[in-house]
1. Just the residues that are among the charged types (D, E, K, R), in contact (Cβ under 8 Å) with a residue 24 or more places away in the chain and in a loop (DSSP other than H, G, I, E, B), please, taken from the range B:72-100.
2. Taking the range A:376-391 as the region of interest, how many residues are over 21 Å from the mean Cα position of the chain (by Cα) and more than 8 Å from chain B (Cβ to nearest Cβ)?
3. Enumerate the pairs (first residue in the range B:141-159 and more than 22 Å from A:His135 (Cα to Cα); second residue anywhere and near ligand 2 (Cβ under 6 Å from one of its atoms) and assigned to a helix (DSSP H, G or I)) with beta-carbon separation below 9 Å, excluding pairs fewer than 6 apart on the same chain, so at least 6 apart or on different chains.
4. A:Gly57 passes all but one of (1) part of a loop (DSSP other than H, G, I, E, B); (2) small (Gly, Ala, Ser); (3) at pLDDT 95 or above; which number fails?
5. Got at least one residue in the range B:109-118 being away from ligand 2 (no atom under 12 Å from the Cβ), within 14 Å of another protein chain (Cβ to nearest Cβ) and closer than 30 Å to A:Val299 by Cα?
6. B:Asp131 versus (1) more than 10 Å from chain A (Cβ to nearest Cβ); (2) out of contact with any His (no Cβ under 6 Å at 6 or more places or on another chain); (3) under 26 Å from B:Thr411 (Cα atoms): which is the lone unmet condition?
7. What's the number of the only condition in (1) surrounded by 22 or more Cβ atoms within 10 Å (Cβ to Cβ); (2) closer than 25 Å to B:Phe455 by Cα that B:Ala247 fails to meet?
8. Of everything in the range B:26-48, what is in contact (Cβ under 8 Å) with a residue 60 or more places away in the chain and either part of a helix (DSSP H, G or I) or touching a Lys or Arg at 6+ places or on another chain (Cβ under 7 Å) (or both)? Give them in sequence order.
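The values are calculated or read from the model by the stated rules, or taken from the named source; none is laboratory data. None of these values were measured; they are calculated from a predicted model. Please note: Cβ atoms are built from the backbone with ideal geometry, for glycine as well, and neighbour counts cover all protein chains shown.
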Amino acid sequence: MHDAEGRRTGAAADAVDGVVPRWVAEPASQEGVARTLAQAGADGHAVLVQGGGTKLGWGPRLESVDVLLKTGRLNEVVAHRHGDLTATTQSGITLAETNERLSAHRQWLALDPPDRARATVGGILATNDAGPRRHRHGAPRDLIIGMTLVRADGVTAQSGGIVVKNVAGYDVARLLTGSFGSLGVIVDATFKLAPLAEASSTVVVELPDAKVAVGYAVDLLSRGLTPAALEIATDPLRVVLKFESLESVTEAQAEEAVTLAETHGGLGQLLEVDAQNEFWTAHERRVFAEDGTLLKAVVLPANLPSSLSWLDEATASRGLSYVLAGQAALSVLHLRLTGPVEKQAALVSEWRERLTLGRGSVVVRRATAELKALTDVWGSVGDTFEVMREVKRRFDPRATLNPGRGPGGL
Amino acid sequence: MTPEFIDELEQRIGSEAVVRDQSELLTYESDGLVSHRSRPGVAVLPRTVEQVRAVVRACHEAGVPFVARGQGTGLSGGALPHPDGVLIVMTRMNRVVEIDIPNERITVEPGVMNLEVTRQVTPHGYYYAPDPSSQVICSIGGNLAENSGGAHCLKYGFTVHHVLGAEAVMPDGTLVHVGGLAVDSPGLDLLGVLVGSEGTLAVVTKVMLRLLRRPESVRTLLAAFDSTDNAGNAVSDVIAAGIIPAAIEMMDRTTIRAAEAAVQPGFPDAEAVLIVELDGHEAEVAAQFEQIEAIFAKNQGWGVQVARDDAQRGRIWMGRKAAFAAMGRVSPSYYVQDGVIPRSRLPEVLRRIRQLEQDSGLTIGNVFHAGDGNLHPLVCYDDAVEGQAELAERVASEILSYCLDVGGSLTGEHGIGADKACHMPKMFGDDDLATMQLVRVAFDPEGLCNPDKLFPTPRLCGEVPGPYRAHPAEAAGLAERV
Ligand SMILES: Cc1cc2nc3c(=O)[nH]c(=O)nc-3n(C[C@H](O)[C@@H](O)[C@H](O)COP(=O)(O)OP(=O)(O)OC[C@H]3O[C@@H](n4cnc5c(N)ncnc54)[C@H](O)[C@@H]3O)c2cc1C
Ligand SMILES: Cc1cc2nc3c(=O)[nH]c(=O)nc-3n(C[C@H](O)[C@H](O)[C@H](O)COP(=O)(O)OP(=O)(O)OC[C@H]3O[C@@H](n4cnc5c(N)ncnc54)[C@H](O)[C@@H]3O)c2cc1C
């Protein structure tokens, strides 16, 4: 049975993290989202928001779900103001679909987290997830300029607007970005866009060790090269570069990158144009698409070499193995970890101990229930936790939205 | 403000850090928005975070409001003192805490000037990107609070894109560390909302900033146009060509003449000039430079000047950055407006402003961040002429309504402050404002931290709110459905 909000009883196929929701709602409009939340609030039901469902396993273990709110019917690009380089999309549209539409005017929403054919704009915003080209374009929080959200009490509110520069009022849109659905349901969002580049070149450089690899990356940037992506990856250890610009420019820079690799004792290879897409898909899949624990670690750039060599020793001595890919200059690392669960938990806590607050963090994203039981997935968020809890309490006093699964355990 | 409370403050932080003399307090009665004045109950000039905490705790215990002040260059009355409150002047907290070149970070106290950050790291080949025209005289704390912008924000983003962390004193005196030196910190993005909160959430006592490497190549060019339409179309063509220059700035005849009178940058006498700066890798800059020249030619640009060296580049930017102050050469007084429009609407909105100039009889100079659609109309008036100041304010408000008509914003960088609080209902509905208030009360349940700013209150604005407009995305009509 469906009602106006597309609400029905949950079925086995709706299970999230092994938990079957009591109800599933799939509203087709902003008003529908508002009514769903108001109703859930009145019934005292907890609501879990689902976009593409690609990351719902992330975060602490799920105990039960009263209402699963799916955004899949909110799937429009509302406006593409190509002359202004901005667009407004609904939250349930996938990133791939969005960029397919925007490409009509040779523009794109410059985000490339994995699984773009399934991941939704709302889910990407809620997780503030980004991919290799974060190096040039930033994370979702850097590109968002406006948002419509529905609060836990069913009230709809707007933040920001449609212009790229705007300091009127608090930036509630940025606060919702990365909030893992814990403060409100994102209905639509407005972004600044980027022009699609005329050409791209990919260079893969194999290097002997982490120190040399980071030295190469630093040297490259200090010579004024402007890659769109600057990845460090294992295994084998390599630096992967993507240049995006006019054809003459990407070629010149790619060649310079290959030549420079030699002076660092590395071996650089410029990929054929046709081989690029396949390469980048594989790069992404090696970490994300295979089984294992997913960690996101952020360190200070100068500590990247020592972090990587520590990681080698710490995993080897525990009988763990890992695959890593991340943004070298930003020092944001995505790791897939496999091996005995207790050892994984021990690795996470030891790594956290090495990082003083504000100088890095390790977050467990995807993990088995067993590992989630052994470790705090977020780690400490420091002395702002009370403020975060207060923000959550004000936005969602009855703890309706993704209770216990917000960042930091909110 | 009771003398006992001031005595208490002196007890806690020492009389040397407390200003209670009425005539000395006059120094602080306004920020850059001189039409709003109010003498603070007392001012304090802390040197340490412990002093800031002591003051804030005293205020919290006694229920006394407090307002942080940086260099007082703000243009929206954000640092306007509370007559019964404490003004916390942050200028003595001006130490550079740590320069960390390997990590491309710098940690400073909030009283450090914006340009000082760049000065500190220039020898290492780095700079701090956000460059408000006031960068010589404004503080990093003020920049954080206003989410300040500058000419080079088109490509590099605003203050919010360059602040990684902050230490702050919460309105109850608790010390918190928001964000950090790493690019991401787990938890809610409190930093994202603290930046741009206009001093209403906490007092910031330390700031961690991202530094950028100087680009390999920089090219600056300037061209004249016979109409602002042509110049506006040239801007649209640049964006449409997929080029994001470091900066695209526009000045009109009035501001060109003012700048010439003040600092002689050697600008052509034209209806409009565009200044475009490209930076990055040499090959890319060279290719884009050719595209820009072609776009200028297509839009009847003339008198093209290309900066041959740093000196000429410096002269062009001096002309642009001096524009506000230079208006003093052509008018006894002027009101600086700050509004934003979608960049494709420039020609049309500039025509409306031109018409308003004729109808009102007041000269309106235009100098602005054209690439971002951030307008700064300068409404000239003479205080000596009865009623002109009020007329100027009305004209400036009228321009804001043009911005909102096309889906724009009340402010792109100067903030809402005391000046535009009563305009907020023209851009946001009750529910939008109430949602922002949830943030406010989470940080400051007692409402002591810079009260009467940003939000419209019946006390400030009377009971009649302005007309609410639909969300700009629906209302603007410029939305192309795809
Ligand atoms: C098993 C698994 C495999 C994965 N595989 C890959 C992979 O191969 N490659 C890859 O990169 N990534 C992978 N991911 C991550 C995923 O692709 C994310 O990058 C994506 O951005 C999440 O988007 P989503 O629409 O799927 O969000 P969801 O997973 O549906 O939701 C993510 C979070 O956002 C919240 N949320 C969603 N929509 C909204 C909204 N409208 N308003 C408020 N909150 C909202 C949810 O409540 C949840 O907290 C995987 C994740 C998992 C768990
Ligand atoms: C000639 C001129 C040109 C200008 N050009 C630009 C420009 O190009 N771009 C631009 O964005 N702005 C510009 N401005 C505006 C102004 O310089 C900026 O808003 C600047 O950031 C204010 O800094 P300040 O130190 O003077 O802050 P103040 O004016 O003292 O304060 C501004 C706000 O910040 C708060 N604040 C200050 N310090 C702290 C702190 N430590 N903790 C918490 N809150 C704090 C205050 O409460 C207030 O709300 C210009 C101003 C002038 C006069």
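1. From the range B:72-100, those among the charged types (D, E, K, R) are B:84, B:92, B:95, B:98, B:100; that's our starting set.
Restricting the remaining residues to those that are in contact (Cβ under 8 Å) with a residue 24 or more places away in the chain gives B:84, B:92, B:100.
Result: B:Asp84, B:Arg92.
2. Here is the first cut: in the range A:376-391, the ones over 21 Å from the mean Cα position of the chain (by Cα) are A:382-387, A:389-391.
Filter once more, keeping what is more than 8 Å from chain B (Cβ to nearest Cβ): A:389.
Number of matching residues: 1.
3. Cβ pairs passing all conditions: B:Ser148/B:Gly142.
4. With (1) part of a loop (DSSP other than H, G, I, E, B); (2) small (Gly, Ala, Ser); (3) at pLDDT 95 or above applied to A:Gly57, the lone miss is (3).
5. No; the residues of the range B:109-118 include none that is away from ligand 2 (no atom under 12 Å from the Cβ), within 14 Å of another protein chain (Cβ to nearest Cβ) and closer than 30 Å to A:Val299 by Cα.
6. Here B:Asp131 meets the rest and fails (2).
7. The one condition B:Ala247 does not meet is (2).
8. Result: B:Tyr28, single match.
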